[in-house]
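Novice: Pasting in a structure now, in structure tokens, and then I'll have a few things to ask.
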Amino acid sequence: MSEDVLFEVEGPVAIVTLNRPARLNAISSGIRSGLAAAWQRFEQDDALKVAILTGSGEKAFCAGMDLKEAAATGIGVPPHNFLPVLGDNVHVSKPVIAAVNGYAYAGGWLLAQQCDLCIASENASFAITEVKVGRGVPWAPPLIHMLPQRVMMELLLTGAPLSARRALELGYVNAVVPLDKLRAAALQMASTIAHNAPLTVRAARELVYLSTEMGRSAALQAGRHLFEAVYMSEDAREGPRAFAEKRQPNWQGR
């Protein structure tokens with residue numbers, strides 16, 4: 001694990017923190033390698049059910065690529081594995097929550113976008129600033145499922161920031177909270193998910209992404225196939241039994 005990325009464990013929750021606050025947590029080689037190691041550790045540890053991705057300090061979640069490092073290396077077209085991106089070049093089967101504190105600009109927006117859920121602090125803002133520095137945004141297509149087309153077009157063409165409150169109005173973030181409550185809010189959401197039936201959580205998460213790739217009929221058919229194994233699991237019998245016995249279920253994940 002790179003010192004630029006911290007990995008903490010609180011019960012069934014992993015907290016992954018971008019740790020370059022003096023550089024607004026800008027994406028460096030250390031952050032790239034640290035994130036790759038963090039996601040691998042999270043996915044391989046069966047005791048960890050949910051992850052939170054956040055940034056150190058109060059100003060920035062992540063201000064994007066470290067442009068000084070980029071200028072020094074003279075990078076052109078980034079290779080496909082340049083930055084670990086969930087759902088693209090990194091596979092993680094469990095939910096990840098972005099806890100966005102401050103700026104999430106350019107590649108920082110990408111890191112928030114890759115997460116399944118997003119809670120933002122009141123001082124958070126999002127911007128796709130590549131248009132201002134002549135860089136590309138090949139990572140932006142998933143936004144069309146998260147924002148209205150005209151809003152997406154404005155963000156891409158102007159580079160203007162989107163406030164946390166406006167992002168909430170548009171449905172891009174799940175909640176906006178005071179900065180000093182951000183970690184607690186993310187942990188509360190993570191804990192709620194972690195205590196739900198793990199097979200159902202994983203299948204439901206996959207269903208959302210399958211549905212963005214398919215038409216209505218195909219997605220319904222895929223959903224029936226996806227949840228067949230869930231219905232046949234031990235957990236599917238344990239849940240109703242625990243409800244009838246008025247106790248917490250003992251999930252086995254099988």
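Bear in mind these aren't lab numbers, they're just calculated from the coordinates by the rules spelled out. Everything quoted here is computed from the prediction, not taken from an experiment. Here Cβ is always computed from backbone atoms with ideal geometry, including for glycine, and neighbour counts include all displayed protein chains.
Novice: Just going by the charge dipole of the range 5-194, with Lys and Arg at +1 and Asp and Glu at -1 on Cβ, which of SER29, VAL137, LEU83 is farthest out on the positive end?
Specialist: Positive-end residue among those listed: VAL137.
Novice: Still on this structure: Residue by residue through the range 42-49, what is 3J(HN,Hα) from phi via Karplus (6.51 cos²θ - 1.76 cosθ + 1.60, θ = phi - 60°)? Round to whole Hz and write x for glycine and proline.
Specialist: Values per residue, Gly and Pro as x: 4, 5, 7, 8, 5, 6, 8, 9 Hz.
Novice: List the residues, sorted by chain then number, that are 5 or more residues from GLY102 or on another chain and whose placed amide H is less than 5 Å from its amide H.
Specialist: The list, which skips near neighbours in sequence, is PHE61, SER121, ASN123, ALA124, SER125.
Novice: Sticking with this one: Can you give me the long-range amide H partners of ALA26? Hydrogens built in the peptide plane at 1.01 Å from N, cutoff under 5 Å, separation of 5 or more residues or another chain.
Specialist: ALA63
Novice: Answer with one residue from PRO198, GLY223, ALA236: the one whose Cα lies farthest towards the positive end of the charge dipole of the range 198-244, charges on Cβ with Lys, Arg +1 and Asp, Glu -1.
Specialist: Sorting the options by dipole projection puts first GLY223.
Novice: Can you tell me which of 84-91, 193-200 comes out highest on packing, and rank the rest after it, using the mean Cβ neighbours within 10 Å?
Specialist: Descending packing order for the listed peptides: 193-200, 84-91.
Novice: Further, regarding this structure: In debye to the nearest 20, how big a dipole does the range 198-244 give about its Cα centre with +1 on each Lys and Arg Cβ and -1 on each Asp and Glu Cβ?
Specialist: For this selection, approximately 120 debye.
Novice: Around ALA14, which amide H atoms from residues at least 5 apart in sequence, or from another chain, sit under 5 Å from its own amide H, with H modelled in the peptide plane?
Specialist: Amide H neighbours of ALA14: LYS49, VAL50, ALA51, ILE52.
Novice: Order the peptides 141-152, 114-125, 201-212 from the highest to the lowest mean number of other Cβ atoms within 10 Å of their residues.
Specialist: Result, highest mean first: 114-125, 201-212, 141-152.
Novice: In this model, which of LYS94/LYS132; LYS94/LYS181; LYS49/LYS181; LYS49/LYS246; LYS59/LYS181 are farther than 26 Å apart at the alpha-carbon?
Specialist: Too far apart for the 26 Å limit: LYS94/LYS132.
Novice: Go ahead and run the numbers for FRET between GLU245 and HIS225, Cβ-Cβ distance against an R0 of 22 Å, rounding to 0.05.
Specialist: Computed FRET efficiency for GLU245 and HIS225 comes out at 0.10.
Novice: Quick check: net charge around PRO178, other residues with Cβ under 14 Å of its Cβ, Lys/Arg +1 and Asp/Glu -1?
Specialist: 0
Novice: Ok, one more. Where Lys and Arg each count +1 and Asp and Glu each count -1, what net charge lies around GLY102 among other residues with Cβ under 9 Å from its Cβ?
Specialist: 0
Novice: Nearest-5 percent of antiparallel DSSP beta bridges in the range 5-194?
Specialist: In the range 5-194, DSSP labels about 25 percent of beta bridges as antiparallel.
Novice: In whole Hz, what ³J(HN,Hα) sequence does the range 158-174 give by Karplus (6.51, -1.76, 1.60; θ = phi - 60°), x for Gly and Pro?
Specialist: Running phi through 6.51 cos²θ - 1.76 cosθ + 1.60 with θ = phi - 60° gives 9, x, 6, x, 10, 6, 4, 5, 5, 4, 5, 4, 7, x, 7, 10, 7 Hz.
Novice: Relative to the Cα centre, what is the charge dipole magnitude of the chain, using +1 at the beta carbon of each Lys and Arg, -1 at the beta carbon of each Asp and Glu, and rounding to the nearest 20 debye?
Specialist: 360 debye
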